[in-house]
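Before any comments, here is the structure.
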Amino acid sequence: QVQLVESGGGLVQAGGSLRLSCAASERTFSSYVLAWFRQGLGKERELVAAISWNGGKPLYEDSVKGRFTISRDNAKNAVNLQMNSLKSEDTAVYYCAARYGAYYSNRPQDYNYWGQGTPVTVSS
């Protein structure tokens, strides 16, 4: 059982930055695709970014390209999301997720493990 614990959410003004972190309990963490999803109020959960086990070319949702950066540290069992130039529409609960294997997916149902979520609020 993989346990994921997010941290780093909070309140920030538009144009500001936040860094989210996710720590995993699994020793074989390096065998998983890691991703960040978000869910705004009344909206469906959507993929924000994903990164493969070897840190290859990440996948980003179009609206965050050039503003968000996903990275992972297999030695520390961690995945991070650096969020810059935040906008009010980025306000959501952000979830860390893990999917065993090497292939990306933007479907929440394809991910095996989830964190509890961390809220991000961007004030305009």
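Filtering region 1-60 to residues that are in contact (Cβ under 8 Å) with a residue 24 or more places away in the chain, open to solvent by 40 Å² or more (accessible area, probe 1.4 Å) and β-branched (Val, Ile, Thr) leaves only Val5.
One residue is enough: does region 97-118 have a residue meeting the conditions small (Gly, Ala, Ser) and either without any contact (Cβ under 8 Å) to a residue 12 or more places away in the chain or open to solvent by 60 Å² or more (accessible area, probe 1.4 Å) (or both)? Spell out how you get there, then give the answer.
Going residue by residue through region 97-118, those that are small (Gly, Ala, Ser) are 97-98, 101-102, 105, 115, 117.
When the remaining residues are screened for being either without any contact (Cβ under 8 Å) to a residue 12 or more places away in the chain or open to solvent by 60 Å² or more (accessible area, probe 1.4 Å) (or both), the result is none.
No, region 97-118 has no match at all.
Once region 72-86 is narrowed to residues that are polar (S, T, N, Q) and open to solvent by less than 40 Å² (accessible area, probe 1.4 Å), the residue that is farthest from Arg19 (Cα to Cα) is Asn77.
Results for (1) of a type in the set (Val, Ile, Thr); (2) in contact with an Asp or Glu (Cβ under 7 Å, 6 or more places away or on another chain), shown as yes or no for each residue.
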| site | (1), (2) |
| --- | --- |
| Val79 | yes, no |
| Ala98 | no, no |
| Ala102 | no, no |
| Asn106 | no, no |
| Val120 | yes, yes |
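Inside region 1-110, counting only strands (runs of 3 or more DSSP E) that do not spill past its ends, which hold 2 or more residues that are in contact with a Gly (Cβ under 9 Å, 6 or more places away or on another chain) and not β-branched (Val, Ile, Thr)? So the answer is 4-7, 18-24, 32-39, 68-73, 78-83, 92-100. Close contacts from region 77-89, counting a first residue that is on the phi > 0 side of the Ramachandran plot and a second that is of a type outside the set (Asp, Glu), with Cβ to Cβ under 8 Å and a gap of 6+ residues or different chains, come to Asn77/Ala23; Asn77/Ala24; Asn77/Ser25; Asn77/Arg27; Asn77/Phe29; Ser85/Gly15; Ser85/Ser17; Ser85/Arg67. Across region 74-112, the qualifying residues are those that are more than 15 Å from Leu47 (Cβ to Cβ) and of a type in the set (Ser, Thr, Tyr), and the one among them that is nearest to the chain's Cα centre (by Cα) is Thr91.
The values are calculated or read from the model by the stated rules, or taken from the named source; none is laboratory data. Since we're looking at a predicted model, the values are computed, not measured. Cβ coordinates were reconstructed from backbone atoms using ideal geometry, including for glycine residues, and neighbour counts include every protein chain displayed. Side chains are part of the model used for accessible areas, which takes the heavy atoms of the whole protein and leaves out ligands, DNA and RNA. Shrake-Rupley method; radii C 1.70, N 1.55, O 1.52, S 1.80 Å.
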